[in-house]
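Have a look at the structure below before the remarks.
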Amino acid sequence: MSVQQKLVLASGSPRRVELLNQAGIEPDRLLPTNIDETPLKSEHPRSLARRLSRTKAEKAFEHLRENDSHHDCFVLAADTVVAVGRLILPKAELAEDARQCLRLLSGRNHKVYTGLCLITPKGKIRQKIVETRVRFKRLSSEEREAYQSSGEWRDKAGGYAIQGLAGTFVVRLVGSYTNVVGLPLYETSALLGGEGYKLHLRWQQSGA
């Protein structure tokens, strides 16, 4: 039995593609969306992740519908937000962003929220927020400078990539590790499976 369903990932993130591949899913199409990710005034980090993931999914789905290519397509979007308390850390683009993030994270607890949004071929919207608590060790100035020099922080929420060198900073993690990487696999597969996406059938085909 062949799989007619298609999965469109509303992202161009290599990390999210790799995580989907780990779950046995090869997105049929990547459809990154360009949206304003600026938090609203007094917006909670959890609310921001929820809002941005839905906006990305809806924009991608609308693009598919306008081009009459949404049939049999599931659209999946995700947005990851790192916060210390209610303070939302930026997606580091400049060295100064990474420097400020590392100062804030050093020796402290922080939370990583990923908003998931799935739109089914019939236009049904399902959302999920996943939260992981992380604690960093106290970082020396030498460690901060060395990590900044590595460049791993570029385009990363909170200015670090847990799957890289920053994994050595983590003292404690409570919750989903893959959530911190950028896509919580358990919750993503449960969301897809709950809406009829034939994940296990794809596993069978990949081994055929």
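Values quoted throughout were computed directly from the atomic coordinates according to the rules given, and no laboratory measurement underlies them. Quick caveat: nothing in here was measured; it's all calculated off a predicted structure. Cβ: placed from backbone, ideal geometry, glycine included. Neighbour counts: every protein chain shown.
Taking other residues whose beta carbon is less than 11 angstrom from the beta carbon of residue 154, and scoring Lys, Arg as +1 and Asp, Glu as -1, yields -2. Prolate is the label for the chain. Its Cα gyration tensor axes, ordered a ≥ b ≥ c, give a/c of at least 1.5 and a/b above b/c. Ranking 153, 139, 129 by how far each Cα lies toward the positive end of the dipole of segment 104-153 (charges on Cβ) leaves 129 at the top. Using the Cβ-Cβ distance between residue 172 and residue 30 with R0 set to 35 Å, the FRET efficiency works out to roughly 0.55. Our helix-only sum for the chain, with -39,500 (n - 2.57) per DSSP H run of n ≥ 4 divided by its residues, gives a mean residue ellipticity at 222 nm of -11000 deg cm²/dmol.
Rounded if a/c is under 1.5, else prolate if a/b beats b/c, else oblate: with a ≥ b ≥ c from the C-alpha gyration tensor eigenvalues square-rooted, which is segment 39-149?
On the way: a/c = 3.04, a/b = 2.38, b/c = 1.28.
Prolate is the answer for segment 39-149, as a/c is 1.5 or above and a/b outweighs b/c.
Site pair residue 154 and residue 190 shows an inter-label distance of 3.6 nm when each label is modelled 7 Å from Cα along Cα→Cβ. Normalising the Debye intensity of segment 2-65 to I(0), with uniform scatterers on Cα atoms only, and taking log10 at q = 0.21, 0.27 Å⁻¹ returns -0.94, -1.17. Dipole orientation for the chain: of the candidates 12, 44, 89, 44 has the Cα lying most toward the positive pole (charges on Cβ; Lys, Arg +1; Asp, Glu -1).
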